[in-house]
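Student: Following this message is one structure expressed as structure tokens.
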Amino acid sequence: MRTKLFLAFLAVIIVALISNFIYENFVTEDFENYVEGAKEDKLYWILASVEGSYAAEGWDRQSLHDTVHWAMMLGFDLKITDSEEREIINSRAVEEHLTPSMKRRMEGIIDRSSAQGEFESYPLYQEGKEIGAMLVRQMKRKGSIDEKENIFKERGREFLIISFLIAGGGAVLLSVFFALFLSNPLNKMKRAVESMAKGDFSVRVPAGSKDEIGRLSESFNFMAEALEREEALRKHLTSNIAHELRTPLAVMKANVEGMIDGVVTDTREGIEHIAIEVDKLIRLVEGIEDITKAEASFFSRKNYSEAELSGLLSSFSATLMPLASEKGLSIDYAAGRPLHVFTDIYKLETIVQNILSNAIKNTEKGSISIQYGEEKNLFYIEIKDTGIGIPDDKKQLIFKRFYRGEGSQGIGLGLAIVKELVDVMGGSIEVKSSPGDGSAFRVWLPKHGR
Ligand code: ADP
């Protein structure tokens, strides 16, 4: 990751440098073309001036002398020849005739010793007739455009080196920066995934930032939590189920063996015992299915909708009314102020009906009341009965899977399912109860969904 990032930065920087380099080359080339063009222009002025020094009566020596003089000042070493290739004048001869002050000025501008190499020949014409030739070679001008050109090129090279150093340093700094802020969290996640692969589902990664890495960490933690729950559920259920199956199976086995051995003579009674245990097993399997669904709802898509609480509660309790009436109990439900909540109606229905059916099961006389209300961003539902009540030391146990109070005919999963669903919905549950006085279960849930 770090190396890849570094290489990516380096690639970008190299591309930038190459374009810089190409740009610099173009500029230098344009500059050289300009210098070359300017030199040619000067040569044509000199050529025109030399041709202008020729008349029908021959060469105007003074004019030639002046032309060769300023050509030297412009950096050209000249020789002029006539049509028979006889030399008429050259730079050296002109220089000898200069006054000492003019010579000094010339030496200040021109490096005479640089006049070396081959002369280039340009033919001279006058009215279509060749009148001679101008031989030219270049000399170096002090502080001239040649030197400026070199300085310009030198600066360009320096600029390239400096920008390379800045860009290279930048690449190193950026890759260190990204390594710290990008690859470190990813490395932590990699280590977490590795421990998870070894079976440790308790690992979590820090998920502080709001960016993609932060969101990835949140998703990772959610996945880890889901797997941890799944694993715990699997372990609990397997051991609990084995335990719960043992009793009905033992009773069935004893009855079957009794009938085979002739110990149980009333076969019908024996079969009835087996039928009761089969019933228990069926209810057990249904209960396991329900709690598995409740646990699994943590993973499923949220199914929230807007609903009015008093209407919901009256429809939930209506289903259990016949069960209460059978025992001569009343369900007092006083609809209060309409309260709109955003909630998972199906989960809420299971929660209310499980608590309500427990209240009916555990109450022999009196009544059951349902109330609701709100506080800040929460709403509550309270179901109160006048039943047998729950001893203090049992209040925590009742939410455990397969826990049954004395005399319970149930399978001990009702409140475990309630607790699971309330947890999944982000709520809490409170129990107030004293033996003999009845119990009150209050469920708190968020008003605006999870
Ligand atoms: P089940 O009702 O199948 O036994 P639950 O999980 O619903 O299982 O309840 C666990 C235990 O909690 C019950 O066996 C009972 O002893 C106790 N309990 C639950 N609700 C009440 C209540 N309203 N009054 C008294 N005891 C209760």
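The values are calculated or read from the model by the stated rules, or taken from the named source; none is laboratory data. Since the structure is predicted, the reported quantities are computational estimates derived from the model, not experimental observations. Reconstructed Cβ throughout: ideal geometry from the backbone, glycine too, with neighbour counts over all protein chains shown. Areas reflect the complete protein model, heavy atoms only, side chains present, ligands, DNA and RNA absent. Shrake-Rupley method; radii C 1.70, N 1.55, O 1.52, S 1.80 Å.
Student: Using a 1.4 angstrom probe with every protein chain in place, what is the largest-first accessible-area order of Tyr23, Tyr54?
Tutor: The most accessible residue leads, giving Tyr23, Tyr54.
Student: Please report, in debye to the nearest 20, how large the charge dipole of the range 1-132 is about its Cα centre when each Lys and Arg carries +1 at its beta carbon and each Asp and Glu carries -1 there.
Tutor: 900
Student: Under 1.5 on a/c is rounded, so check that first for the chain, then, if it is not, pick prolate when a/b is larger than b/c and oblate when it is not; a ≥ b ≥ c are the square roots of the alpha carbon gyration tensor eigenvalues.
Tutor: In terms of gyration-tensor shape, prolate.
Student: Now, a different point. Sort Lys394, Lys235 by heavy-atom solvent-accessible area, probe 1.4 angstrom, most to least.
Tutor: Sorted descending by solvent-accessible area, the residues read Lys235, Lys394.
Student: Follow-up question, since we're still on this one. Give me the 1.4 Å probe accessible area per residue for the chain, excluding ligands and nucleic acids, in Å².
Tutor: Each residue of the chain exposes 60 Å² on average to a 1.4 Å probe.
Student: Which order, highest average first, do 431-444, 156-169 follow once you tally other Cβ atoms within 10 Å for each residue and take the mean per peptide?
Tutor: Top of the packing list down: 431-444, 156-169.
Student: Here's another thing I want to ask about it. Pull up the cross-link candidates among the lysines for Lys432, meaning alpha carbon to alpha carbon under 20 Å and not fewer than 8 places away within one chain.
Tutor: By straight Cα distance, Lys432 reaches Lys361, Lys365, Lys384, Lys394, Lys395, Lys400, Lys419.
Student: Could you report the accessible area of Ile151 in Å², rounded to 10, computed with a 1.4 Å probe on the protein chains as they sit in the structure?
Tutor: Rounded to the nearest 10, that gives 90 Å².
Student: Once the other residues with Cβ under 12 Å from the Cβ of Ala197 are scored (Lys, Arg +1; Asp, Glu -1), what is the net sum?
Tutor: Once positives and negatives cancel, what remains is +1.
Student: Quick one: which residues, 5 or more positions from Arg137 or on another chain, have an amide H under 5 Å from its amide H? H modelled 1.01 Å from N in the peptide plane, none for Pro or chain starts.
Tutor: So Arg137 has HN proximity to Asp77, Glu120.
Student: Between helix 309-318 and the chain, what is the angle of the helix's C-alpha long axis to the longest principal axis, kept within 0 to 90° and rounded to the nearest 10?
Tutor: 40
Student: Next question, about the same structure. Projected onto the charge dipole of the chain (+1 at Lys/Arg Cβ, -1 at Asp/Glu Cβ, origin at the Cα centre), which of Ala318, Gly199, Leu378 gives the Cα projection farthest towards the positive end?
Tutor: Ala318
Student: Moving on to the next point. Using the beta-carbon distance between Asp261 and Ser367 and R0 = 60 Å, what value does 1/(1 + (r/R0)^6) give for FRET efficiency, to the nearest 0.05?
Tutor: So, using R0 = 60 Å, E works out to roughly 0.70.
Student: Now, a different point. So if I place +1 on the C-beta of Lys and Arg and -1 on the C-beta of Asp and Glu, and nothing else carries charge, what would the dipole magnitude of the range 152-277 be about its Cα centre? I want it in debye, nearest 20.
Tutor: 1260
Student: So how do 129-138, 322-331 stack up, highest first, on mean other-Cβ count within 10 Å?
Tutor: By packing density, highest mean first, the sequence is 129-138, 322-331.
Student: Put Asp423, Asp385 in order of accessible area, largest first, 1.4 Å probe: what do you get?
Tutor: Asp423, Asp385
Student: For the range 214-260 and the range 344-358, what is the separation of their Cα centres, given in Å?
Tutor: Measuring centre to centre over Cα atoms gives 23 Å.
Student: Heads up, I need the accessible area for Leu249: 1.4 angstrom probe, whole protein in place, Å², nearest 10.
Tutor: For Leu249, solvent-accessible area is about 90 Å².
Student: Please give the length that would be gained between Asp66 and Leu173 if that part of the chain were fully extended, namely 0.36 nm times their separation in residues minus their C-alpha to C-alpha distance (nm, one decimal).
Tutor: 32.1 nm
Student: Taking the Cα centre as origin and putting +1 on Lys and Arg beta-carbons and -1 on Asp and Glu beta-carbons, what dipole magnitude results for the chain, to the nearest 20 debye?
Tutor: I would put it at about 1920 debye.
Student: Compute the long axis of helix 345-361 from its Cα atoms, compare it with the longest principal axis of the Cα atoms of the chain, and write down the angle in degrees, 0 to 90, nearest 10.
Tutor: 20
Student: Further, regarding this structure: Give me the percent of the accessible area of the range 231-308 that comes from carbon and sulfur atoms, probe 1.4 Å, all protein chains in place.
Tutor: Carbon-and-sulfur percentage of accessible area, whole number: 60.
Student: Expressed as an acute angle from 0 to 90° and rounded to the nearest 10, what is the orientation of the C-alpha long axis of helix 61-73 relative to the principal long axis of the chain?
Tutor: Orientation of helix 61-73: about 30 degrees from the principal axis.
Student: Pop a pseudo-label 7 angstrom from the Cα along the beta-carbon direction at both Asp200 and Glu29 and give the gap in nm to one decimal.
Tutor: 6.3
Student: Before rounding to the nearest 500, sum -39500 (n - 2.57) across all DSSP H runs of length at least 4 in the chain and divide by the residue total; then give [θ] at 222 nm in deg cm²/dmol.
Tutor: Mean residue ellipticity at 222 nm (helix-derived): -19500 deg cm²/dmol.
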